[in-house]
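The values are calculated or read from the model by the stated rules, or taken from the named source; none is laboratory data. Just so it is clear, the structure is predicted and the values come from calculations on it, not from any experiment. FYI the Cβ positions are ideal-geometry reconstructions off the backbone, even for glycines, and counts take in every protein chain you see. The protein model used for the area step is the full one, side chains on, heavy atoms only, and it has no ligands, DNA or RNA in it. Shrake-Rupley method; radii C 1.70, N 1.55, O 1.52, S 1.80 Å.
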Amino acid sequence: MLNFPNNPTGYTPGIEEGEQIIGALLEGAEAGIHIIVLVDDAYFGLFYGSSLRESLFARLVGVHSRILPIRIDGATKEEYVTGLRVGFLTFGADNEQVLEALEQKALGMIRSTISSSPHPSQSFVLHALQSPDYEVQKSEKTQIIKERAHKAMAVLESGKYHDAWEPYPFNSGYFVCLKLKTVHPELLRVHLLDAYGVGTIALNDTDLRLAIPCIEADQWEDLLAMIYSGIQELQQQHAR
């Protein structure tokens, strides 16, 4: 499974890393391994720094007879329709019989799990994609998110919160993920919600996730300062 931009860290490989991934897959295929590569591009297009700008799916189609790439796209993030949960599958095969078999398998899995996909949300997405204003409207929203991401990067790279957390590398996607150094993420999440009305996501024993689209560019300074204050307050409570 290749998930770029990655959730929760928001990382997409650079060009050299992409070549290394392709090389590793080819090496495995040439060694006799049959490989299905699920390329999850659900956040594709949200790039803020140096990274691949083309899906690895395009490079993998037809690259080796033992490699079957399958691209997964989601309108939820790519087309800014959070909640509609509309997805797309593209099978990278050139054999009609193989494609027909894969299509029937996919239909069977959909039928046996969610029964039927909702027609209204699919229709909304299709109608939007066909609109002549679509690309302009989408680029406007993308620019807003990019501005917010760049502001988050600038504040995090200042180094003034280095004693409290280490940000995971992010150059794309929807999220900023902080690796906390001194407090448990769930304790911090609850404290931030109770004391400041700030909602975050605790992922495990170290990581706290923030959603870039939910935070205005001029709010990042205040938000990270609140999180830092929350950490200090928890440390003081623990010291007592």
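Structure summary
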| read-out | value |
| --- | --- |
| Ile70 being β-branched (Val, Ile, Thr) and modelled with pLDDT of 95 or more | yes |
| Number of positions in segment 189-198 that are within 18 Å of Ala152 (Cβ to Cβ), part of a helix (DSSP H, G or I) and either without any contact (Cβ under 8 Å) to a residue 24 or more places away in the chain or in contact with a Leu (Cβ under 8 Å, 6 or more places away or on another chain) (or both) | 0 |
| Residues of segment 121-147 that turn out to be more than 26 Å from Ala211 (Cβ to Cβ) and open to solvent by less than 80 Å² (accessible area, probe 1.4 Å), as a count | 2 |
| Single unsatisfied condition, Val86 versus (1) more than 19 Å from Asn171 (Cα to Cα); (2) touching a residue at least 12 places away in the same chain (Cβ under 8 Å); (3) loosely packed, with under 15 Cβ neighbours inside 10 Å; (4) among the β-branched types (Val, Ile, Thr) | (3) |
| Those residues of segment 212-240 which are assigned to a helix (DSSP H, G or I), open to solvent by 80 Å² or more (accessible area, probe 1.4 Å) and more than 15 Å from Leu187 (Cβ to Cβ), in sequence order | Cys214, Asp218, Gln219, Asp222 |
| Hey, Ile227 farther than 29 Å from Lys141 by Cβ and of a type outside the set (S, T, N, Q) or not | no |
| Any hit, segment 37-50, residues being open to solvent by 60 Å² or more (accessible area, probe 1.4 Å), under 16 Å from Thr12 (Cα atoms) and polar (S, T, N, Q) | yes |
| Test result for Gly18, open to solvent by less than 20 Å² (accessible area, probe 1.4 Å), in a helix (DSSP H, G or I) and under 30 Å from Glu140 (Cβ atoms) | yes |
